[in-house]
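What follows is a short report on a single structure.
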Amino acid sequence: MANTTPAALDARHLRTLTWIVALATVGLVFDGYDLVVYGTVVSTFLRDPTQIGLVTPSIAGALGSYALVGVLVGALLAGSVGDTIGRRKVMLFAYAWFSIGMGLTALTTSTTLFGLLRFATGLGVGALVATTGALIAEYAPKGKKNLFIAIVYSGIPLGSLLAAGLAIGLLPLIGWRGMFLIGALPMVTLLPLAYFKMPESVAWLVSRGRLDEARAISLRTGVAVPSEEPTAVAIDQSAAPEKAGFAGLFGSSYLFPTLILGCMSATGLVLVYSLNTWLPELMLRAGFNAKGSLSFLLVLNGGAVIGALLGSKVADRFGPKRVVSTCFAIGAVAIAVLTLDLPLAVRLAAVAVVGMGTSGTQTLIYGFVANYYRTHVRGAGVAWCAGFGRLGGVGGPLLGGFLIGGGFALNAIFYVLAALAIFGAVLTLVVPKAHRPSSPSA
């Protein structure tokens, strides 16, 4: 089956890949929407206690972090659950879970319930982020894995763009509750489509020894069966480097790079979540009006999408390590530029480059991680990157709330973020060379 390449098989494979990429991208669009929608309404909470109660900058930072704690827990759980019940089931459950969470959040009237539901919603978002990378890495064609992962994970900044754009046009009309209700739409749109059009991973079925199911899906979808034998999950549980999941991830072969990659992802997500939560408020304090401040959020995530797609093509050719470190460094320079007194057009251009060096770089990190690990630890590796990295996501809103609430000058806040970007570049350079697979299926 693996060597069969008739035109019909290629057509089925292309059709399957198109559906998987489209559905996965739309799913992460709503992840990105969830990321930024809070940032678009936090100024409302700060200035109007009749919405969910009194919200100070420190409370706002905490509320922004609750969802990210949920993402952390959801991602780490998905790393093991997905290896047990399958990637498809986890993704379908995640679509339903975070849709319900967003809908219920729109009905809250207190900061306590708002925070609890943000945490619960984050569980579904985390499971989705962690599982998507492994699924795409297993379906994407060789030589284009970074590109396909970047396309899919660009759904996150696209969703951020969507949230910022809708907030500019609709927030005065539908209020913050309407903005959160939009986040519940996957329940009646994406979930039904995914149920019928998203197949289980053939590679995962093979790794579980379910070869008959793998062959059946291979015939239906045109996706080749990678091996006729179960992978390292069943072959060798005694050799630490060949253990699957988190056991293999923290074995002697992968322990150091796993820790560095986790810290690298956490650093990137500090930048992503601090900027997406607090940039509108920072721009308000810089003298821009409400719509103007939201426009910076729009430009930030537009730069992230463009930067990730361009960077992924370079990463497929020259390797993701150099590209990720360079993007971190460029992001640091661009953040520092925001401290200068510049014309509006130049400032907007700098914000777009900041988007490339923060959210765009984080997209490239997912591709880096998904392609760094071999098959038997890939799912756990992506889950670790998405889960442990969310510690940075938790810290991002808290950091912004601390700096703003502490009365730090605007320029000082930007310098702190620029220093974090430099730290991310250094961490990337420390990542050792990846283990090369010993066989095509590895």
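The values are calculated or read from the model by the stated rules, or taken from the named source; none is laboratory data. Please read all numbers here as calculations on a predicted model, not as lab measurements. Because the Cβ atoms are built from the backbone with ideal geometry, glycine has one as well, and the counts that use them run over all protein chains shown.
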| query | Which one of these is within 21 Å of I136 (Cβ to Cβ) and either touching a helix residue (DSSP H, G or I) at 6+ places or on another chain (Cβ under 7 Å) or not in a helix (DSSP H, G or I) (or both): A386, A425? | reply | A386
| Is it true that some residue in region 341-358 is assigned to a helix (DSSP H, G or I) and hydroxyl-bearing (S, T, Y)? | yes
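Right, G400: more than 19 Å from the chain's Cα centre (by Cα), crowded, with 21+ Cβ neighbours inside 10 Å and not polar (S, T, N, Q) or not?
yes
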| remark: Checked region 385-433 for anything touching a residue at least 24 places away in the same chain (Cβ under 8 Å) and among the aromatic types (F, W, Y); matches are F388, F402, F414, Y415, F423
| Among the listed residues G169, G183, G126, which satisfies the condition of being at pLDDT below 90 and either within 15 Å of V29 (Cα to Cα) or of a type in the set (D, E, K, R) (or both)? | G126
| query | Is it the case that region 71-82 has a residue that's of a type outside the set (A, V, I, L, M) and surrounded by fewer than 18 Cβ atoms within 10 Å (Cβ to Cβ)? | reply | yes
| query | For E200, all conditions in the list (1) surrounded by 21 or more Cβ atoms within 10 Å (Cβ to Cβ); (2) not small (G, A, S); (3) not in a helix (DSSP H, G or I) hold save one; what is the number of the exception? | reply | (1)
| task | Please determine, by comparing only the residues of region 328-347 that are without any contact (Cβ under 8 Å) to a residue 60 or more places away in the chain and aliphatic (A, V, I, L, M), which one is surrounded by the fewest Cβ atoms within 10 Å (Cβ to Cβ). | result | A345
| Can you name the condition, by its number, that Y66 falls short on among (1) more than 30 Å from P199 (Cα to Cα); (2) in a helix (DSSP H, G or I); (3) at pLDDT 90 or above? | (3)
| query | Can you name every residue in region 112-146 that is buried (at least 20 other Cβ atoms within 10 Å of the Cβ) and over 22 Å from P186 (Cα atoms)? | reply | A137, E138, Y139, A140, K145, N146
| Which residues, taken from region 48-61, are surrounded by fewer than 24 Cβ atoms within 10 Å (Cβ to Cβ) and at negative phi? | D48, P49, T50, Q51, I52, L54, V55, T56, P57, S58, I59
| So which pairs qualify, if the first residue must be in region 170-197 and on the phi > 0 side of the Ramachandran plot, the second must be of a type outside the set (K, R) and part of a helix (DSSP H, G or I), the Cβ gap must be under 9 Å, and the two must be at least 6 apart or on different chains? | G175/V41; G175/T44
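Is it the case, given these coordinates, that Y38 is in contact with a Ser or Thr (Cβ under 7 Å, 6 or more places away or on another chain) and more than 30 Å from V202 (Cα to Cα)? Quick ask: steps written out before the conclusion?
Working: in contact with a Ser or Thr (Cβ under 7 Å, 6 or more places away or on another chain): yes; more than 30 Å from V202 (Cα to Cα): yes.
Answer is yes for this residue.
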| message | If G64 meets every condition in (1) surrounded by fewer than 24 Cβ atoms within 10 Å (Cβ to Cβ); (2) in contact with a Ser or Thr (Cβ under 8 Å, 6 or more places away or on another chain) apart from one, which number is that one? | response | (1)
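What residue, of S80, S110, S65, is out of contact with any strand residue (DSSP E or B) (no Cβ under 9 Å at 6 or more places or on another chain) and more than 25 Å from F402 (Cα to Cα)?
After applying the criteria, what remains is S80.
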| field | Yes/no for G287 being on the phi > 0 side of the Ramachandran plot and without any contact (Cβ under 8 Å) to a residue 12 or more places away in the chain | value | yes
| note | Scanning region 254-294 for residues that are among the hydroxyl-bearing types (S, T, Y) and modelled with pLDDT under 80, the one farthest from A62 (Cα to Cα) turns out to be S293
| request: Within region 259-278, work out how many residues are in contact (Cβ under 8 Å) with a residue 24 or more places away in the chain and more than 14 Å from the chain's Cα centre (by Cα). | output: 7
| query | On the given criteria, is S325 surrounded by 22 or more Cβ atoms within 10 Å (Cβ to Cβ), of a type in the set (S, T, N, Q) and at pLDDT 85 or above? | reply | no
| task | Please work out if L298 is farther than 29 Å from G379 by Cα, in a helix (DSSP H, G or I) and at pLDDT 80 or above. | result | yes
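Table: residues versus (1) at pLDDT 90 or above; (2) within 19 Å of the chain's Cα centre (by Cα); (3) outside any loop (DSSP other than H, G, I, E, B).
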{"position": "G32", "(1), (2), (3)": "no, yes, yes"}
{"position": "Y38", "(1), (2), (3)": "no, yes, yes"}
{"position": "T44", "(1), (2), (3)": "no, no, yes"}
{"position": "P49", "(1), (2), (3)": "yes, no, no"}
{"position": "G61", "(1), (2), (3)": "no, no, yes"}
